[in-house]
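Working notes, structure below.
The values are calculated or read from the model by the stated rules, or taken from the named source; none is laboratory data. Remember, it's a predicted structure, so these values are computed and weren't measured experimentally. Ideal geometry is used to build each Cβ from the backbone, glycine not excepted, and the neighbour counts take in all protein chains shown. SASA here: full protein model, heavy atoms, side chains in, ligands and nucleic acids out. Shrake-Rupley method; radii C 1.70, N 1.55, O 1.52, S 1.80 Å.
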Amino acid sequence: MTDFVTMAKPVGSLCNMNCSYCYYLKADNLNDPSVYRMDDNVLDTYIRTYLQNSSQDTVSFTWHGGEPTLAGLDFFQKVLQLQKKYLPSGKKCWNSLQTNGVLINEDWCRFLKENNFDVGVSLDGTRYIHDLHRNDKAGSETYEHALNAVKQLKQHGIDPDLLCTVTEETAQNARAVYTALRRLDTGWIQFIPIVVRRADGSVTEESVTAGSYGKFLKEIFREWITKDLGRVNVQIFAETALVLSGRPSNVCWFAETCGNVCVVEKDGSVYSCDHFVDQKHRIGNLMETDLNVLMDSDVQKQFGNAKRDSLCTECRECEWLKICRGCCPKDRFLETETNEKKYYLCEGLRMYFSYAVPLLREAMKMSSSGIRQSDIMKALRKKC
């Protein structure tokens with residue numbers, strides 16, 4: 001049995017916002033506009049077959065979009081009923097909801113808390129940066145919606161993960177963005193670089209450049225390791241430390257191969273990856289073929305192995321390959337001198353690794369020796 005997890009899109013690409021850099025709008029032409037959300041038959045089949053085929057003791061359900069709260073509370077109440085109905089003995093379910101926060105209110109907060117949902121809120125740091133690209137369908141600003149969602153969730157005992165995109169503008173305001181997120185005191189921050197290509201292959205103005213990305217990560221890392229070690233978790237720093245400790249990364253972009261996280265669309269269609277929801281990467285439909293069969297198919301295995309097998313010569317010879325593994329294939333389009341393709345933000349990651357890895361190694365060594373985190377941060381301030 002192939003070990004895999006799923007990301008479900010209960011309303012497909014439908015959203016109540018119109019973010020300028022949204023990568024999932026490409027899925028619009030794959031969705032039937034007459035179908036608002038995943039119907040009962042598809043939902044039943046999805047939950048039943050996923051629970052039957054998962055090899056994990058804790059089966060992870062990630063609800064994504066578009067904006068999944070548009071499916072309504074009644075949809076997620078039905079989700080819980082079906083999970084309880086089909087849950088095999090000895091297993092449990094873990095649910096995660098990624099939201100833009102617009103619809104989060106008291107009812108949602110109570111439901112999410114009572115049913116132990118993990119929640120991620122998309123919040124791009126400062127008001128100015130956030131509202132620059134994240135407007136609603138009418139063009140109105142949405143920062144207050146996202147901020148209020150975070151505050152309401154915290155009031156109900158939920159510390160949401162904060163997902164912040166890194167545009168070129170974000171990268172130029174690194175400290176302000178990090179400080180704004182840190183002050184919300186949720187404990188976990190993810191930074192997601194924005195790289196959007198036009199039809200002619202060029203990248204859009206809001207896309208972060210490799211140099212800016214590297215400087216951004218260095219500045220954020222300096223703030224984190226000298227002030228917030230042990231208090232704030234930043235995903236890319238945590239994953240770097242994990243790999244340095246000899247353990248495999250938890251995220252696909254730092255893994256040697258990929259392809260074990262599929263997307264289930266609202267009509268039951270299954271796609272290879274969240275960033276490859278297109279006809280070429282549609283591997284089937286769970287209403288016609290068992291999920292495990294789809295994920296164990298040759299086409300999906302080839303997709304996952306291509307991450308490793310398509311590495312350019314420069315990547316294979318790089319000292320940082322054991323950490324980044326060539327990063328996400330969706331952004332491997334930068335031409336090398338040998339006419340191969342490498343990760344667009346490669347030079348930025350090199351800047352980050354060169355700066356952060358020696359300091360992380362030192363911090364990990366001091367920690368293993370029993371040195372307090374406050375003393376570790378004090379020692380590293382002199383070296384940063």
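See the values below:
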{"read-out": "Matching residues, segment 250-293, being more than 20 Å from Val195 (Cβ to Cβ) and within 15 Å of the chain's Cα centre (by Cα)", "value": "Asn250, Gly259, Asn260, Cys262"}
{"read-out": "Filter result for Asn105 (modelled with pLDDT of 95 or more and out of contact with any strand residue (DSSP E or B) (no Cβ under 7 Å at 6 or more places or on another chain))", "value": "yes"}
{"read-out": "Among the candidates Leu163, Leu217, residue that is touching a residue at least 60 places away in the same chain (Cβ under 8 Å), within 29 Å of Ser374 (Cα to Cα), surrounded by 23 or more Cβ atoms within 10 Å (Cβ to Cβ) and of a type in the set (A, V, I, L, M)", "value": "Leu217"}
{"read-out": "Count of segment 255-298 residues which are of a type in the set (S, T, N, Q), outside any strand (DSSP E or B) and out of contact with any His (no Cβ under 9 Å at 6 or more places or on another chain)", "value": "6"}
{"read-out": "Helices (runs of 4 or more DSSP H) wholly inside segment 317-384 that include at least 2 residues being in contact with a Leu (Cβ under 7 Å, 6 or more places away or on another chain) and in contact (Cβ under 8 Å) with a residue 40 or more places away in the chain", "value": "346-368, 373-381"}
{"read-out": "Condition check for Glu114: open to solvent by 60 Å² or more (accessible area, probe 1.4 Å) and touching a helix residue (DSSP H, G or I) at 6+ places or on another chain (Cβ under 8 Å)", "value": "no"}
{"read-out": "Considering residues of segment 200-214 that are in contact (Cβ under 8 Å) with a residue 24 or more places away in the chain and part of a loop (DSSP other than H, G, I, E, B) only, the residue farthest from the chain's Cα centre (by Cα)", "value": "Gly201"}
{"read-out": "Only listed residue being open to solvent by less than 50 Å² (accessible area, probe 1.4 Å) and in contact with a strand residue (DSSP E or B) (Cβ under 9 Å, 6 or more places away or on another chain), chosen from Leu244, Leu229, Leu286", "value": "Leu286"}
{"read-out": "Residue tally, condition in a loop (DSSP other than H, G, I, E, B) and on the phi < 0 side of the Ramachandran plot, over segment 57-82", "value": "4"}
{"read-out": "Those residues of segment 83-103 which are open to solvent by less than 60 Å² (accessible area, probe 1.4 Å) and part of a strand (DSSP E or B), in sequence order", "value": "Cys93, Asn95, Ser96, Leu97, Gln98, Thr99"}
{"read-out": "Asp200 being of a type in the set (Asp, Glu) and within 20 Å of Arg332 (Cβ to Cβ)", "value": "yes"}
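A quick yes/no check of all residues on (1) in contact (Cβ under 8 Å) with a residue 60 or more places away in the chain; (2) hydrophobic (A, V, I, L, M, F, W, C); (3) farther than 25 Å from Pro193 by Cβ:
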position	(1), (2), (3)
Arg110	no, no, yes
Gly125	no, no, no
Asp131	no, no, no
Asn135	yes, no, no
Ala138	no, yes, yes
Tyr143	no, no, no
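The rows are residues; the columns are (1) of a type in the set (Ser, Thr, Tyr); (2) open to solvent by less than 30 Å² (accessible area, probe 1.4 Å).
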residue: Leu345; (1), (2): no, yes
residue: Leu349; (1), (2): no, yes
residue: Ser354; (1), (2): yes, no
residue: Pro358; (1), (2): no, no
residue: Ala379; (1), (2): no, no
residue: Lys383; (1), (2): no, no
